[in-house]
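Below: one structure, written as structure tokens.
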Amino acid sequence: MTKVSALFIGGNGIISSSVSRLAVERGFDLTLLNRGVSDTRPPIAGVRHITGDAGDAKSISQAIGREDFDVVVNFRSFLPSQVAADVDLFSGRTGQYVYISSASAYQKPVARLPITESTPLKNPWWQYSRDKIASEDVLIAAYRDADFPATIVRPSHTYDESLIPFEGGWTVIDRMRRGLPVVVHGDGTSIWTLTHSRDFAKAFVGLLGNPAAIGDTFGITSDFYYTWDAIYRMLGSAAGADPQLVHIASETLAVAFPEWGPGLLGDKSHSVIFDNSKVKALVPDYVATTTFAEGAREIIDWYDAAESRREIDESLNASFDALIAAHS
């Protein structure tokens, strides 16, 4: 049986590393294009590496030469100009081009739950999401007008052991362990979906080389969802702490920490529950099995394994203390 040849642009990231490992396990002939080896995740055995800059169409073209691939996946595409360049480069050279969009592109605030692939795309708060929407538009036009074999995938908040899934990172975990109060956006009761990258990979790899996925869009998330208070408490429990949670409005946090504003107001402050029926119809064995309680233990174990990973931002600590004092 001939192996499916696949090119992954990227391959060392949170999502792409899990997908790469599973694709190799399932027999894909996999080539990874990236700028170098990750210092966060171990090398992936059984893949071919080529060097190129995912953000530079000319660099990608030079790296792949005249090669064709059954499947091309771009994990590092964020702008419609990048998508347009990929359409030009891979037209006639691949049987399937898979674009990683984002569930943050869905309408905010969401008018109806659960979110499905037909939920409108509109995010007035976050430019990242608007760029993803515009990129999808490029691909949809290329499919309709020129039969470009596009598949669009929308992950939501996908994590592995290296990602603490809230603003502040390890600084917040350290505060928990020291008995200091930690800030949670809103009232802590909005609902959030977290998907381990291992689970995401199961559904995603099942779409690769699948002709029924061409010209279509699929959300891939876990079926586990939690309140933000529960997420903080699960990480606290894994870290051996009973966190003191202080609730502050997302709008207030967006003013205090402008770099957090778009992601909070355009995504995390809203309740999101997803219907995965569509991807399960094509990948019927897809089941998400990693709860966040398990994922939280993996996160804490990973950070505890090396002191260099446990970076503490003292200026952020001071900002937290001032904000908490002002709202106490």
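The values are calculated or read from the model by the stated rules, or taken from the named source; none is laboratory data. The structure displayed is predicted, hence computed values, not measured ones. Don't worry about glycine lacking a Cβ; one is built from the backbone with ideal geometry, like all the others, and counts go over all protein chains shown.
Residues are listed down the side, and each one gets a yes or a no for (1) more than 21 Å from SER101 (Cα to Cα); (2) buried (at least 20 other Cβ atoms within 10 Å of the Cβ); (3) modelled with pLDDT of 95 or more:
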{"position": "TRP126", "(1), (2), (3)": "no, yes, yes"}
{"position": "ALA141", "(1), (2), (3)": "no, no, yes"}
{"position": "PHE148", "(1), (2), (3)": "no, yes, yes"}
{"position": "THR158", "(1), (2), (3)": "no, yes, yes"}
{"position": "GLY179", "(1), (2), (3)": "yes, no, yes"}
{"position": "THR189", "(1), (2), (3)": "yes, no, yes"}
- Of the listed residues (ALA241, ALA288, ALA318, ALA254), the one being in a helix (DSSP H, G or I) and farther than 24 Å from ARG130 by Cβ is ALA318
- Please specify each residue of the stretch 163-216 satisfying the condition of being at negative phi and small (Gly, Ala, Ser). SER190, SER197, ALA201, ALA203, GLY206, ALA212, ALA213
- Item | Candidate set: the stretch 174-196, residues that are of a type in the set (A, V, I, L, M, F, W, C) and touching a Leu at 6+ places or on another chain (Cβ under 9 Å); chosen: the one farthest from LYS268 (Cα to Cα) | MET176
- Message: Tell me yes or no: at least one residue of the stretch 18-35 is in a loop (DSSP other than H, G, I, E, B), farther than 14 Å from PHE90 by Cα and at pLDDT below 90.
- Response: yes
- Picking from SER61, SER20, SER81, the residue that is in contact with a strand residue (DSSP E or B) (Cβ under 9 Å, 6 or more places away or on another chain) and hydroxyl-bearing (Ser, Thr, Tyr) would be SER20
- Item | Test: residue in the stretch 48-68 that is within 21 Å of the chain's Cα centre (by Cα) and more than 24 Å from LEU32 (Cβ to Cβ) | no
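Yes/no matrix, rows are residues, columns are (1) free of Cβ contacts under 8 Å to residues at least 12 places away in the same chain; (2) over 21 Å from ALA293 (Cα atoms); (3) part of a helix (DSSP H, G or I):
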site: SER162; (1), (2), (3): no, no, no
site: GLY188; (1), (2), (3): no, no, no
site: THR195; (1), (2), (3): no, no, no
site: ARG198; (1), (2), (3): no, no, yes
site: VAL205; (1), (2), (3): no, yes, yes
